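**Student:** One structure follows; several queries about it will come next.
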Amino acid sequence: MNKLLLAALLSAVLVSGCSEDSNDTASSPVVPPSPAKEYSTIDVTPAAKFEGSITVRLGRFDDKYKAWRLSGEAKDIHNDGHIDEMDAQALKIVNELEPAIVIDAKKMHSLLQTNPDGLGKGSARADIFVNGHYSVFDVLRYLALTRDDIKLENVIDYKDTDLDTYQFTISWDQNGDGIFDAQDIESFNSSGWHFRFKFDGGELRRITGSLDGVGPEGEAHYERMDQFWVQPGMDLRFQPFNAEMTARRIWVMKQEMERYRQAGNKVILPELVASFDGGKSYETLVTDLEVTAHNIRPDIFQPGVITGIDAFLSAKDMEHDFVINYWPTVASKAPVGHYALFSVNGKNSRVGAGWTTRFGEKSTLNDFAPFTKCDFGSDGTQNGEPKVSHKACWAEWNTYFGGNMLHLMTDVWVMNQAVEQVHLIYKSHYDIFGMEEFNGKIPTERDFSQSNDGSDMVSLRTLSLPKPETSTLPILKESHFGWGIANCESCHNDKLPQGHGGYSWPVNSVDGFNSIQPYYCASCHGSNGAPLGHGETARCYWCHSEDQLPKNHGEASVKQWLRGAENLEGNWHNYNIPASTLPRDAAGNYAPYTEILSTINSDWNMSKSFPDPYSCMTCHPNPE
């Protein structure tokens with residue numbers, strides 16, 4: 001009967017949604033100004049919208065590879081010195097993903113705007129999210145409202161739990177017999193349900209490892225479900241966790257609440273520490289930092305909501321050296337759309353190396369790890385007895401990411417109660433992934449011949465721009481007919497030299513090049529109106545490849561198909577495939593790349609006329 005009433009309600013909602021009075025805030029949010037430009041290298045105005053879809057799966061993931069890898073039967077079939085998914089597949093051990101529930105964001109928004117379950121019009125946490133944005137708990141509400149196989153019951157309001165989060169029980173008809181009863185194992189009237197998550201990673205397949213990545217089932221954590229923002233494109237898994245995991249999560253929340261009360265209902269961060277050398281040593285940068293809301297994501301959060309990035313901005317307000325920047329859709333086609341920590345005390349990220357951020361209790365830093373030991377009590381406390389059993393530990397915590405270390409951007413990591421420590425480490429992916437770093441600050445050599453036989457070796461370096469006040473050469477000005485257009489060779493070329501004594505245009509033969517390069521022209525005639533850089537020094541194409549693909553940059557503005565595993569593995573700038581970074585499919589099985597639509601400057605190629613980042617940093621030098 002409830003489902004029939006809901007169907008009628010949905011029909012009314014859809015009809016009213018077509019009227020002239022419809023106010024669909026999900027599709028057209030009003031975005032107040034953000035102060036982010038005061039702290040960021042890039043002046044952008046994000047405007048996140050709740051549109052597209054969210055993928056949901058129910059229940060525990062049956063990870064056959066992990067079970068085999070942790071058993072005594074795991075062995076190195078290929079005799080290559082390590083045991084990995086390729087060995088498992090040789091033994092026909094493969095994972096399968098369950099069918100997904102795909103939620104249309106627009107339909108979810110339309111239904112929840114009617115307050116169908118009495119938990120609020122729109123989000124159940126309207127104190128956190130602006131109208132038109134939602135939490136993971138809201139997704140669970142929607143499932144319970146629209147499906148017959150899941151019930152959300154015994155809901156306790158977040159104001160009454162002393163944890164600042166909703167508590168509830170879930171019943172799921174796990175065996176599909178149409179009856180909610182104890183035959184559904186952990187899924188009958190259970191208070192142990194929580195969620196795992198994965199963001200849309202685009203084409204990136206190297207972090208879906210069962211033990212050394214996010215895990216095909218998603219990342220487990222201690223965050224509050226009703227404060228965790230839902231970004232369309234996410235992959236969510238709702239499941240029952242064992243009692244030990246539930247106790248640990250609640251213990252963490254209690255520490256945060258007690259810290260909040262002790263500070264007089266303020267967010268006082270006890271400690272912000274950083275390692276500038278990859279984890280070899282640490283130094284304390286700030287203690288007892290009062291974190292205040294800077295409202296840099298007014299498109300998502302209500303004024304006054306504190307997120308993890310506010311810790312860095314609050315430290316900046318106290319004259320500490322913290323800088324953030326903004327990541328658009330990146331070269332892997334992952335739609336990021338968030339601010340990230342860029343620089344600490346002058347140590348800048350360089351795309352491929354940079355600042356990892358961890359938030360949480362100091363005692364939980366090592367909870368999640370491959371072959372973890374879970375050295376804490378079954379009641380969730382640090383010193384409780386008995387300790388978490390080996391079986392319970394490996395069921396929930398045995399994965400590389402989780403807990404304090406999440407693939408969660410800090411500008412949406414809600415922190416309305418202070419964690420015990422913010423933990424920063426400067427790390428490099430160049431060694432992990434086996435990539436060669438082409439850094440605009442460091443000259444290097446590159447073989448452009450297809451056979452890589454050394455027949456087309458060139459020197460790559462950033463060139464210097466002339467100083468207009470001292471140069472005797474003709475410096476381009478705004479009156480130049482091609483002002484602001486980078487590919488100057490489209491007009492000035494061998495057929496129409498227009499200058500230089502009527503001869504062909506000079507090329508940078510000193511460095512081994514035999515083609516026209518605009519940035520070589522710029523070394524004499526200036527940057528032609530190119531804006532300054534924003535602190536980065538490597539892999540500019542990582543951000544400038546999709547929605548920020550540069551215009552009028554010749555072949556650097558062009559994409560190409562790369563096909564065949566032999567063209568996508570093991571070459572000059574791609575990954576050498578150490579065991580920890582095999583490409584995998586969504587279920588965690590080994591899955592080599594077969595084709596990618598890539599920019600000319602990429603992990604697999606480099607433009608000869610606009611070599612990244614050397615040409616970029618010549619015409620777009622960073623401010624001194």
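**Student:** Please indicate, with yes or no, whether at least one residue in the stretch 462-478 is surrounded by fewer than 16 Cβ atoms within 10 Å (Cβ to Cβ), of a type in the set (S, T, Y) and in contact with a helix residue (DSSP H, G or I) (Cβ under 7 Å, 6 or more places away or on another chain). Before you say what the answer is, go through the steps one by one.
**Tutor:** Of all residues in the stretch 462-478, those surrounded by fewer than 16 Cβ atoms within 10 Å (Cβ to Cβ) come to 464, 467-474, 477-478.
Pick out the ones that are also of a type in the set (S, T, Y) and you get 464, 470-472.
Right, trim to in contact with a helix residue (DSSP H, G or I) (Cβ under 7 Å, 6 or more places away or on another chain) and you get 464.
Among the residues of the stretch 462-478, at least one is surrounded by fewer than 16 Cβ atoms within 10 Å (Cβ to Cβ), of a type in the set (S, T, Y) and in contact with a helix residue (DSSP H, G or I) (Cβ under 7 Å, 6 or more places away or on another chain), which makes the answer yes.
**Student:** Just checking, how many residues over the stretch 141-173 are under 15 Å from Q239 (Cβ atoms), of a type in the set (S, T, N, Q) and more than 31 Å from the chain's Cα centre (by Cα)?
**Tutor:** Within the stretch 141-173, residues that are under 15 Å from Q239 (Cβ atoms), of a type in the set (S, T, N, Q) and more than 31 Å from the chain's Cα centre (by Cα) number 1.
**Student:** Which residue out of Q167, Q174 is among the polar types (S, T, N, Q), over 15 Å from S123 (Cα atoms) and at pLDDT below 95?
**Tutor:** Only one candidate passes the filter, namely Q174.
**Student:** Still on this structure, I have one more. Any residue in the stretch 563-578 that is aliphatic (A, V, I, L, M) and modelled with pLDDT of 80 or more?
**Tutor:** no
**Student:** Residues to consider are S607, S602, S615; find the one that is in a loop (DSSP other than H, G, I, E, B), among the polar types (S, T, N, Q) and either at pLDDT 95 or above or more than 20 Å from I207 (Cβ to Cβ) (or both).
**Tutor:** Numbers: S602 fails: either at pLDDT 95 or above or more than 20 Å from I207 (Cβ to Cβ) (or both); S615 fails: in a loop (DSSP other than H, G, I, E, B).
Only one candidate passes the filter, namely S607.
**Student:** Quick check, is Y430 among the aromatic types (F, W, Y), within 35 Å of the chain's Cα centre (by Cα) and outside any strand (DSSP E or B)?
**Tutor:** For Y430, the condition - among the aromatic types (F, W, Y), within 35 Å of the chain's Cα centre (by Cα) and outside any strand (DSSP E or B) - is met.
**Student:** Now a separate question. For the subset of the stretch 52-82 comprising residues that are β-branched (V, I, T) and under 25 Å from L236 (Cα atoms), which member is farthest from the chain's Cα centre (by Cα)? Can you show your working first?
**Tutor:** Initially, the stretch 52-82 is screened for residues β-branched (V, I, T), giving 54-56, 77.
Right, trim to under 25 Å from L236 (Cα atoms) and you get 54-56.
Values: I54: 16, T55: 17, V56: 19 Å.
Among those that are β-branched (V, I, T) and under 25 Å from L236 (Cα atoms), it is V56.
**Student:** Also, I was wondering about something else. For the stretch 258-341, give me every one of the strands (runs of 3 or more DSSP E) that falls completely inside it and has 1 or more residues that are surrounded by fewer than 19 Cβ atoms within 10 Å (Cβ to Cβ) and more than 19 Å from the chain's Cα centre (by Cα).
**Tutor:** 268-275, 283-290
**Student:** Give the number of residues within the stretch 369-390 that are touching a residue at least 12 places away in the same chain (Cβ under 8 Å), out of contact with any Ser or Thr (no Cβ under 6 Å at 6 or more places or on another chain) and assigned to a loop (DSSP other than H, G, I, E, B).
**Tutor:** Residues that pass the stated criteria total 13.
**Student:** I'm told V351 meets every condition in (1) in contact (Cβ under 8 Å) with a residue 12 or more places away in the chain; (2) within 19 Å of N242 (Cβ to Cβ) except one. Can you identify the failing condition by its number?
**Tutor:** (2)
**Student:** So which residues in the stretch 174-221 are in a loop (DSSP other than H, G, I, E, B), more than 31 Å from the chain's Cα centre (by Cα) and under 24 Å from A587 (Cβ atoms), if there are any at all?
**Tutor:** Q174, N175, G176
**Student:** Looking at the stretch 97-132 only, could you name the residues that are out of contact with any helix residue (DSSP H, G or I) (no Cβ under 8 Å at 6 or more places or on another chain) and within 27 Å of G215 (Cα to Cα)?
**Tutor:** Those that are out of contact with any helix residue (DSSP H, G or I) (no Cβ under 8 Å at 6 or more places or on another chain) and within 27 Å of G215 (Cα to Cα): L97, E98, P99, A100, V102, D104, A105.
**Student:** While we're on this one: Only one of these is more than 18 Å from S363 (Cα to Cα) and within 16 Å of the chain's Cα centre (by Cα): H407, H390. Name it.
**Tutor:** It is H407.
**Student:** Which of the numbered conditions does T356 fail, given that it passes all the others? Conditions: (1) over 17 Å from I309 (Cα atoms); (2) surrounded by fewer than 18 Cβ atoms within 10 Å (Cβ to Cβ).
**Tutor:** Looking at each condition in turn, T356 falls short on (1).
**Student:** Looking at (1) assigned to a loop (DSSP other than H, G, I, E, B); (2) touching a helix residue (DSSP H, G or I) at 6+ places or on another chain (Cβ under 8 Å); (3) touching a residue at least 60 places away in the same chain (Cβ under 8 Å); (4) surrounded by fewer than 23 Cβ atoms within 10 Å (Cβ to Cβ), which is the only condition G233 fails?
**Tutor:** (2)
The values are calculated or read from the model by the stated rules, or taken from the named source; none is laboratory data. Keep in mind the model is a prediction, meaning the values are calculated, not measured. Counting neighbours? That spans all protein chains shown, and the Cβs are built from the backbone with ideal geometry, glycine included.
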